Amino acid sequence: MSTTMTMAKAINAGLRAALENHPNSLLMGEDIGSLGGVYRVTEGLKADFGADRVMDTPLAESGIIGTAIGLALRGYLPVCEIQFDGFVFPGFNQITTQLAKMHSRSEGALSAPVVIRIPYGGGIGSIEHHSESPEALFAHTAGLRIITPSNPQDAYWMIQQAVACKDPVIVFEPKRRYWLKGDVDTTAPTSDPFSAHIVREGTDATIVAYGPLVPVALAAAAAAEEDGRSVEVVDLRSISPIDFDTVTESVRKTGRLIVTHEAPTFGGIGGEIAARVAERAFLSLEAPVLRVGGFHMPYPVAKVEEHYLPDIDRLLEALDRSFAY
């Protein structure tokens, strides 16, 4: 059965399903209980499942993650909410030196199935520490799975798949897309959450995007079609691991690749994709792989963030440069 939902409501429904299907699962985070979270993503869940399964925590991200690790080692399935992307850094040590390494450290004897939800990205006109895109920092750490939905259907199912996964999973939720509406089929799960999806087919160039920029990539592809260019759009969905097979297959067909993300291009996920495509499909490329992303600078103040975020014009300009070769 298909229902129209916003992404925020889809995540709420997915969390509800996870709590119903996994009696050992629980939610924890700042203001997620009675308030329902800053974006109301957990609204109503405390009333229905109780304060022992939807827990308000102190303002202490290191404590949230450390407690979740201990719970996971005792057989629970904790789902942590980090209120804003820029707030995750006090918990960075726990995530990268403890959570990510627990399975390897114990030679496979222990698992720590912790899910960490992080609203990320800009476009909301907010203040410092509220519009970051730190996904590359976590992707560099082996032992973590990292996924990011771009639409309500994926949001509903991917949060449930994350809870069911035996490995630690970070779910980066594009906060400026929380109000994006779409059809959600609650009876038909999406495919493997760690695989990419081709969301628009094309023959002349490929745009790879994820999270908040998938709608931008689709809009750019539609605009390019008016100029007679057929652009394929790949929704990466998983940042670690990356589905390089789907990306490479698309590039072998189109011969051109643009990779876009809100995070700075310097040291970003796009650089890894560009390098892998060059290794795997060099002879298929008609032009260098181009990246469109944030600039190598602190995220700007709200009144100028539109100049920082990749938009349709910047993607079309990158396509023009690619076709100029």
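Using only the Cα atoms of region 244-325, each taken as one equal point scatterer with no solvent, compute I(q) by the Debye sum, divide by I(0), and report log10 of the ratio at q = 0.20 Å⁻¹. These q points yield log10 I(q)/I(0) values of -0.89.
Volume per residue, Å³, of the convex hull around the alpha-carbon atoms of region 1-98? Before the final figure, lay out each step's value.
Details: hull volume 10.6 nm³, N = 98.
Here the figure is 108 Å³ per residue.
Taking all protein chains together and rolling a 1.4 Å probe, Phe282 ends up with roughly 140 Å² accessible. DSSP assigns beta bridges within region 104-262; of those with both partners inside it, close to 25 percent run antiparallel.
Tally the DSSP beta bridges in the chain and give the antiparallel ones as a percent, rounded to 5. The answer is about 25 percent antiparallel.
In order along region 132-144, the phi-based Karplus estimate (6.51 cos²θ - 1.76 cosθ + 1.60, θ = phi - 60°) of 3J(HN,Hα) comes to 7, 9, x, 4, 5, 4, 7, 5, 6, 9, 5, x, 10 Hz; Gly and Pro are listed as x.
Legend: Rg and Dmax of region 214-262, from Cα coordinates, 11.5, 35 Å.
Measuring how big region 179-288 is from its alpha-carbon positions, Rg and Dmax come out at 14.0, 43 Å. In degrees between 0 and 90, to the nearest 10, how far off the longest principal axis of the chain does helix 214-225 point, with axes built from Cα atoms? Approximately 20 degrees, to the nearest ten. Taking amide H as placed 1.01 Å from N in the peptide plane, Arg117 has its amide H under 5 Å from the amide H of Cys80, Glu81, Ile82, Val171, each at least 5 places away in sequence or on another chain.
Per DSSP helix of 4 or more residues, -39500 (n - 2.57); summed, then divided by the residues of the chain. What does that give at 222 nm, rounded to the nearest 500?
On the way: 11 runs with 108 residues, N = 325.
My calculation for the chain gives -9500 deg cm²/dmol from helical runs alone.
Residues Met1, Met55, Met28, sorted by accessible area with the largest first, give Met1, Met55, Met28 [1.4 Å probe; ligands and nucleic acids excluded].
State the percent of C-alpha pairs, over all pairs in region 54-202, separated by a distance greater than 23 angstrom. Roughly 37 percent, once rounded to a whole number.
Asp311 exposes around 60 Å² of accessible area when a 1.4 Å probe is run over every protein chain in place. Each principal axis of the Cα cloud of region 111-154 was taken in turn, and the coordinate range along them, longest first, works out to 39, 27, 15 Å. Rounded to whole numbers, the Karplus 3J(HN,Hα) couplings from phi for region 41-53 are 5, 9, 4, x, 6, 5, 4, 8, 10, x, 6, 7, 10 Hz, using 6.51 cos²θ - 1.76 cosθ + 1.60 with θ = phi - 60°, and x at Gly and Pro.
The amide H of Val208, built 1.01 Å from its N in the peptide plane, has Val234, Ile258, Val259, Thr260 as neighbours under 5 Å, considering only residues 5 or more places off or on other chains.
Its Cα centre serving as origin, region 281-322 has a Cβ charge dipole (Lys and Arg +1, Asp and Glu -1) of approximately 160 debye. Highest-first packing order for the peptide set 252-262, 75-85, 315-325, 99-109 is 252-262, 75-85, 315-325, 99-109, based on the mean count of other beta carbon atoms within 10 Å.
Could you tally the net charge around Ala278, taking each other residue with its Cβ under 15 Å from the Cβ of Ala278, Lys/Arg +1 and Asp/Glu -1?
Numbers: positive: Arg252, Arg256, Arg276, Arg280, Arg291; negative: Glu272, Glu279, Glu286.
Net of charged neighbours comes to +2.
Charged side chains reduced to their Cβ positions (Lys and Arg at +1, Asp and Glu at -1) give region 1-98 a dipole of some 220 debye around its Cα centre. Treat the chain as a sphere of radius equal to its Kirkwood radius over Cα pairs and apply Stokes-Einstein at 37 °C in a medium of 0.692 mPa s; give the translational diffusion coefficient in µm²/s, rounded to a whole number. Stokes-Einstein gives a translational diffusion coefficient of 164 µm²/s.
Taking Cα atoms only, the orientation of helix 312-324 departs from the longest principal axis of the chain by about 40 degrees. Here region 177-232 is described by how far its Cα atoms reach on the three principal axes: 39, 24, 17 Å, from widest to narrowest.
Heavy-atom accessible area, probed at 1.4 angstrom with all protein chains present, ranks Ser230, Ser34, Ser238 as Ser34, Ser230, Ser238, highest first.
Charges only on Cβ, +1 for Lys and Arg, -1 for Asp and Glu: so what's the dipole of region 141-207 about the Cα centre, in debye to the nearest 20? Intermediate values should be presented prior to the final figure.
On the way: 7 positive and 8 negative charges, 65 e Å.
Computed charge dipole of region 141-207: roughly 320 debye.
Annotation: amide H-H contacts under 5 Å for Gly294 (H modelled 1.01 Å from N, sequence separation of 5 or more, or interchain): His261, Ala263, Thr265.
The values are calculated or read from the model by the stated rules, or taken from the named source; none is laboratory data. This structure is a prediction, so every number in the text was calculated from the model and none was measured. Glycine also receives a Cβ, built like all others from the backbone with ideal geometry; neighbour counts cover every protein chain displayed. Side chains are part of the model used for accessible areas, which takes the heavy atoms of the whole protein and leaves out ligands, DNA and RNA. Shrake-Rupley method; radii C 1.70, N 1.55, O 1.52, S 1.80 Å.
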